[in-house]
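Everything below concerns the one structure shown next.
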C-alpha cells in the first residue's frame, strides 16, 4: 500500500487536499471519484514529503467511539434532534480533537449537510466504517439502529485490543525491568568488585573476565550503546514505513511462534464481526469488504481482502479468495461458504465472530502462560551468570588459602 497526496474539489466546489492509501495511483483516483470528488492533482508521497501531523490532545479510541454511539442513541431516543445531540456530546467529551470534530459536524448539519457526509470530512476522527453505517442508517431511516450496532462493534473491538495488549504488556515490562537491572549491575555492582579482583593477583575465570569487560565497556561507551539502540529503532521504523518493509513485517507477524496464531485469530474475529455488522446495515458486499480491509492492522491480510474484493466484483464467491489467501482458519472459510450457499452470510459471520473472540481470549491466556517460564529461565540465566562470575574468583582464592594452610 502506497500513500498518495491529492488536491480535489468537493460537490460545492471547495478545494481540499489530503492523503489516501491505495495500491496504485489509478486505484486512489477511482476511490476519490466514487466519493464524488473532482481530482485536481494526485501523486505518490515519498518518505521525505509525507505530511507530519502533530495534534494536541488524544486521538479517538474504540471505547470512546462506543461511548459516543451509545450516548448518541440514548439522546436521539429521548426525542432530541441530531444537531442538539451533537452539541451536547461535544461539550461533555474530554478528548479535545473529538470535541472539535463534533462541533464541526454540528455546524455542517445545521447548514443542511447530512450527518454521514459531515462526518466524512473528518476521516482521522470518524472511521470509514462508522461513516458508511451512518449514511446507510440515514438512507433507510434506521439511524439509531446503525449507531447501536456500531456501539456494540466498537465495544467488542476495544475488548479484543485490550486482550492482545494484556498479552504483550507483561513480557515487555519484565524484559524492561531485566534490562534496567543488568545495567545497574554492570555500572554499580560489578565496579565495586573490580578493585577487589585486581588485588587478588590471580588469573580470573573466563566468566569473571567477561563480566568485568562488559562493565568497563558499558561505563566507558554508554553513549555509543544509546546511539546504536536509537539507530536500530529508527532504521526499523523507516523500514516498516516503506511498502515492502511493511509487507515483510506483516508476513513475519503471521509466522512468529506463539504470536502468529494470536494475530491470525484476532484478524479472523475482526473480519467476521466487521463484515457481519456492515452487511446487517445493508452495505453492499463489495463496499463492505473494502471497509473491512481498511480496519485490518496486518498489511498482508489487508492486501488479501482488497484482492478478494476485486474477485467478488467479478462474480467469484467470497469464500474462494479467502481460502486462496491461506491466512484465515479453515473454519472461517467453511462457514463463509455455507453462509453464501444458504443466503445467511451475515448470521454465519456473526456466529463465527463470537467463536473467534473466545479463541483470542484463550490464545492470550496460552501466550501469557507460555511466556512466563521463558522469562523466568532468561532472568535465572542472567542472575546465575552474574553470581558465577562474582563468586568464582572468591571460591578460587579460598581454595588457595586452604591449600597454603595445609
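Of the residues making up region 27-39, at least one is at pLDDT 70 or above, part of a strand (DSSP E or B), farther than 17 Å from residue 125 by Cα and touching a strand residue (DSSP E or B) at 6+ places or on another chain (Cβ under 8 Å).
Answer with yes or no whether residue 311 is within 30 Å of residue 362 (Cα to Cα), in contact with a helix residue (DSSP H, G or I) (Cβ under 9 Å, 6 or more places away or on another chain) and not in a loop (DSSP other than H, G, I, E, B). The answer is no for residue 311. Assigned to a helix (DSSP H, G or I), more than 27 Å from the chain's Cα centre (by Cα) and without any contact (Cβ under 8 Å) to a residue 24 or more places away in the chain - does that describe any residue in region 348-370? The answer is no; no qualifying residue exists. Surrounded by 12 or more Cβ atoms within 10 Å (Cβ to Cβ) and at pLDDT 85 or above: which single residue out of 349, 367 fits that description? That would be 349, the only listed residue that is surrounded by 12 or more Cβ atoms within 10 Å (Cβ to Cβ) and at pLDDT 85 or above. Residue 76 passes every criterion in (1) modelled with pLDDT of 75 or more; (2) under 27 Å from residue 307 (Cα atoms); (3) surrounded by fewer than 17 Cβ atoms within 10 Å (Cβ to Cβ); (4) touching a helix residue (DSSP H, G or I) at 6+ places or on another chain (Cβ under 7 Å) apart from (2). Restricted to helices (runs of 4 or more DSSP H) entirely inside region 89-198, those with at least 3 residues that are modelled with pLDDT of 80 or more, farther than 30 Å from residue 284 by Cα and outside the structural domain of residue 75 (by TED's automatic domain parsing) are 143-184. Based on this model, can you work out whether residue 66 counts as within 24 Å of the chain's Cα centre (by Cα), at pLDDT below 75, surrounded by 15 or more Cβ atoms within 10 Å (Cβ to Cβ) and not assigned by TED's automatic domain parsing to the domain that holds residue 246? Answer is no for this residue.
Do we find a residue being in contact (Cβ under 8 Å) with a residue 12 or more places away in the chain and either touching a strand residue (DSSP E or B) at 6+ places or on another chain (Cβ under 6 Å) or exposed (fewer than 14 other Cβ atoms within 10 Å of the Cβ) (or both) anywhere in region 140-156? Within region 140-156, one or more residues are in contact (Cβ under 8 Å) with a residue 12 or more places away in the chain and either touching a strand residue (DSSP E or B) at 6+ places or on another chain (Cβ under 6 Å) or exposed (fewer than 14 other Cβ atoms within 10 Å of the Cβ) (or both).
The values are calculated or read from the model by the stated rules, or taken from the named source; none is laboratory data. These figures come from a predicted structure and were not determined experimentally. Heads up, the Cβs are rebuilt from the backbone with ideal geometry, glycines too, and the neighbour counts pull from every protein chain shown.
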